[in-house]
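**Q** Sharing a structure with you now.
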Protein chains: 2
Amino acid sequence: MSQRLAILGVGLIGGSIGLAARERGLAEVTGFVRNPAKAEECLKVGAVDRIAPTIEEAVADADVVVCCASVSSLAGMAQVALDAAGPDCVVTDVGSTKLELVEAVGSDQRFIGGHPLAGAETAGVSNARADLYEGARWYLTPNESSSGVLYDRLQRLVTDLGARPKAIEAAEHDQAMAVVSHLPHVFANQLAIQGRTGTERLGGLAPSLRDATRVAGANPAIWGEIFSTNHEAVVAAIRKSVAGLEAAAEIIGSADPARIAAWQASAAVERAALSGTETAGEATHHLRVLVPNQPGILAELALALGRAGVNITDMSLDPTPDMSSGAISIWVAGQAESDKAAACIADLGHSVSLDEAS
Amino acid sequence: MSQRLAILGVGLIGGSIGLAARERGLAEVTGFVRNPAKAEECLKVGAVDRIAPTIEEAVADADVVVCCASVSSLAGMAQVALDAAGPDCVVTDVGSTKLELVEAVGSDQRFIGGHPLAGAETAGVSNARADLYEGARWYLTPNESSSGVLYDRLQRLVTDLGARPKAIEAAEHDQAMAVVSHLPHVFANQLAIQGRTGTERLGGLAPSLRDATRVAGANPAIWGEIFSTNHEAVVAAIRKSVAGLEAAAEIIGSADPARIAAWQASAAVERAALSGTETAGEATHHLRVLVPNQPGILAELALALGRAGVNITDMSLDPTPDMSSGAISIWVAGQAESDKAAACIADLGHSVSLDEAS
């Protein structure tokens, strides 16, 4: 199958998607770049098959459109793409925050937000790599108006690019990212701002501070937009941190080694729990779900499974020829997770069968 | 020259010092281990030439004694070593905090605190490596009662082990370490404690949180002692962080991308300044200083240069045969640093000559 993929904005991220899609024979790739001077380089590195002069021409016959731009430009870009794209085209993006964008785009069933968790400190199509998304988590934020067929096509492309798609509500994505990504950046900034005196006194950058401030001051324009589009969740996370640090100061201030060690040990338990959230290599089970083929069904399923903590390793949609109903195949790793998934789907009122695949 | 080196406590740190000293032909190494069952392994990995059954026997004829134990055990161990060691033996340690220890040991001119900035997440002599201290910073905390001859011998050994010695006051060391090392550990703990909800929602550990929590919950027993012996400075650092985070929350809460980007850019400036504190590869200059040979002179010089931000790349002491006066050679990288060093030494009332070495 060769789809037509349009990439709007061909830099590190868009370029890596284009390279991977072309190397894996997944799609014919049309690129659009705001700066026409960049067109030649996109072609030279092999990120696209051709460059279109306008967004409208790039998306005209596309099956999938990926908007790659700064967070504040995405809503406008997605709207232009949706206006120009056909009725059977899915439009997505790669922005780091999702709620503001998803709300701005509204209820078009063709738009599904996205956020691949991979990037680099470099930028530009010249740094693009076909393996950038290999094994990376890639969040998708369908909502109740999203088309199941289009969601299926998008998550299939993400899987085929080598990444691991996961459905999550936009608001939930942003709140979680505030804690696991945006807050670590705030902490790194604070350590960098606070660390100079100590570093000057010590006559060199200590390894712990070097590691802890690696992301400090990362691209100010990009992070100005990430923080501002997710300011409520980030501020809430900071307030919680302040309370936690005040408690830490009280414990350390006690100068009681045993009490401090107990706090340190509790952090070790949390750290181990964080690592344990990665899926282990267990046998994959196949769930087959019969559903009415209507907008939102697939998104509802994917979101419910995501909420239940079920990791979907693969998914496929088989609508009946008249599109009135369909079967969804879902693959889940591990017996316990599969049972949980089956129960969760049954709770939604769908018929589900479960068998071990491999 | 073959010195006699005694290592009290032969684990990862002591074992690596022993391995490096033996591989580089610097010293004959005698080890002492509390647990006699560990003796054989110390010999097998080549960390020591022999194991002594008591601290007294280990230090009996030593030129240098290195105490390697948990922070709370160091004062007792150093005192036993000082009581048993000869009048011309220098006793040092490798603990992460210095003031409490230096104050506990008191004014013995043979004791000079130490802290090599290298370690690993592993422990035990089986993980010892001859190159653990290669290029690593190694702080020494002489005070006004420290012997110049013994300081010279110790910093020479540290240099010969491949590390980069630097003199610093114990109090200053602890205050600076509170910011550059202990605070990053507090931050990592807080992120680990706070990160679980977000990680569970996202169904996996995001790369930013994984990196930011790498040191979270590190060895609770060791860190219980580090935090408790440096509690005042750590609590002060946390209080400053809390104020900084509250300011960050106010800026991010404004949801003004430009204002947030300006804050982000200020963190980038600080981050660049941190990296810039590393010495660049400049020509080395040689300073020759004539001084009366009395306790504390060398420590005074080394500390004054450290305070002035001068990085000493090498140092050598040449007392006159009657030990009544001596010349100290100091090597400093870069013209500006050398001029600053010469001015700083002249301010202390010593005669100094400066010429370029290479």
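The values are calculated or read from the model by the stated rules, or taken from the named source; none is laboratory data. This structure is a prediction, so every number in the text was calculated from the model and none was measured. A quick note on method: Cβ atoms are made from the backbone with ideal geometry, for glycine too, and the neighbour counts reach across all protein chains shown.
**Q** Among the listed residues B:178, B:171, which satisfies the condition of being of a type in the set (A, V, I, L, M, F, W, C), within 14 Å of another protein chain (Cβ to nearest Cβ) and surrounded by fewer than 19 Cβ atoms within 10 Å (Cβ to Cβ)?
**A** Selected residue: B:171, the only one of B:178, B:171 that is of a type in the set (A, V, I, L, M, F, W, C), within 14 Å of another protein chain (Cβ to nearest Cβ) and surrounded by fewer than 19 Cβ atoms within 10 Å (Cβ to Cβ).
**Q** Quick one: count up the residues across region B:23-44 that are surrounded by fewer than 20 Cβ atoms within 10 Å (Cβ to Cβ) and outside any loop (DSSP other than H, G, I, E, B).
**A** 10
**Q** Report yes if some residue within region A:298-310 is within 7 Å of chain B (Cβ to nearest Cβ) and without any contact (Cβ under 8 Å) to a residue 60 or more places away in the chain; otherwise report no.
**A** Yes, region A:298-310 contains a residue that is within 7 Å of chain B (Cβ to nearest Cβ) and without any contact (Cβ under 8 Å) to a residue 60 or more places away in the chain.
**Q** Could you say whether any residue in region A:214-230 is free of Cβ contacts under 8 Å to residues at least 40 places away in the same chain, surrounded by fewer than 23 Cβ atoms within 10 Å (Cβ to Cβ) and assigned to a helix (DSSP H, G or I)?
**A** Yes, that holds for at least one residue.
**Q** Exactly one of these conditions fails for residue B:112: (1) over 15 Å from residue B:143 (Cβ atoms); (2) in contact with a Ser or Thr (Cβ under 6 Å, 6 or more places away or on another chain). Give me its number.
**A** Every listed condition holds for residue B:112 apart from (1).
**Q** Continuing with the same structure: For region B:142-163, does any single residue satisfy the condition of being in contact with a Gly (Cβ under 8 Å, 6 or more places away or on another chain), of a type in the set (Lys, Arg) and closer than 22 Å to residue B:94 by Cβ?
**A** No, region B:142-163 has no match at all.
**Q** Next question, about the same structure. Looking at residue A:20 and the list (1) over 30 Å from residue B:258 (Cα atoms); (2) in a helix (DSSP H, G or I); (3) touching a strand residue (DSSP E or B) at 6+ places or on another chain (Cβ under 7 Å); (4) among the small types (Gly, Ala, Ser), which single condition is not satisfied?
**A** Result: residue A:20 passes all but (3).
**Q** Can you tell me which residue in region B:254-285 is farthest from the other protein chains (Cβ to nearest Cβ), limited to those that are modelled with pLDDT under 90, part of a loop (DSSP other than H, G, I, E, B) and surrounded by 14 or more Cβ atoms within 10 Å (Cβ to Cβ)?
**A** B:282
**Q** Taking residue B:90, is it modelled with pLDDT of 95 or more, in contact with a strand residue (DSSP E or B) (Cβ under 9 Å, 6 or more places away or on another chain) and under 29 Å from residue B:171 (Cβ atoms)?
**A** Taking the combined requirement at face value, the residue satisfies it.
Here is a yes/no grid of residues against (1) under 24 Å from residue B:160 (Cβ atoms); (2) modelled with pLDDT of 80 or more:
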{"position": "B:293", "(1), (2)": "yes, no"}
{"position": "B:298", "(1), (2)": "yes, no"}
{"position": "B:301", "(1), (2)": "yes, yes"}
{"position": "B:313", "(1), (2)": "yes, no"}
{"position": "B:344", "(1), (2)": "no, yes"}
{"position": "B:347", "(1), (2)": "no, yes"}
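**Q** Just to be sure, is residue B:250 among the acidic types (Asp, Glu) and more than 7 Å from chain A (Cβ to nearest Cβ)?
**A** yes
**Q** Right, here's the next one. Might you check whether a residue that is crowded, with 16+ Cβ neighbours inside 10 Å, closer than 27 Å to residue A:256 by Cβ and within 14 Å of chain A (Cβ to nearest Cβ) occurs anywhere in region B:78-88?
**A** The answer is no; no qualifying residue exists.
**Q** In region B:115-126, how many residues are at pLDDT 90 or above and more than 14 Å from chain A (Cβ to nearest Cβ)?
**A** Qualifying residue count for the region: 2.
**Q** Those residues that are part of a helix (DSSP H, G or I) and facing chain B (nearest Cβ under 7 Å), I need them from region A:152-168; list them, please.
**A** Listed by number, the list is empty, since nothing qualifies.
**Q** Here is a further query. So which residues in region A:336-352 are surrounded by fewer than 12 Cβ atoms within 10 Å (Cβ to Cβ) and among the hydroxyl-bearing types (Ser, Thr, Tyr)?
**A** Hit for region A:336-352 is A:351, nothing else.
**Q** Let me ask something else about it. Taking strands (runs of 3 or more DSSP E) that fall entirely within region B:60-151, which contain at least 2 residues that are without any contact (Cβ under 8 Å) to a residue 40 or more places away in the chain?
**A** Because the criterion is at least 2 residues that are without any contact (Cβ under 8 Å) to a residue 40 or more places away in the chain, the strands (runs of 3 or more DSSP E) in region B:60-151 that meet it are B:90-93, B:137-141.
**Q** Still on this structure, I have one more. Output the qualifying pairs, or none if there are none: Cβ atoms under 6 angstrom, residues six or more apart or on different chains, first residue in region B:191-213 and at the interface with chain A (Cβ under 7 Å from one of its Cβ atoms), second residue surrounded by fewer than 19 Cβ atoms within 10 Å (Cβ to Cβ) and of a type in the set (A, V, I, L, M, F, W, C).
**A** B:196/A:273
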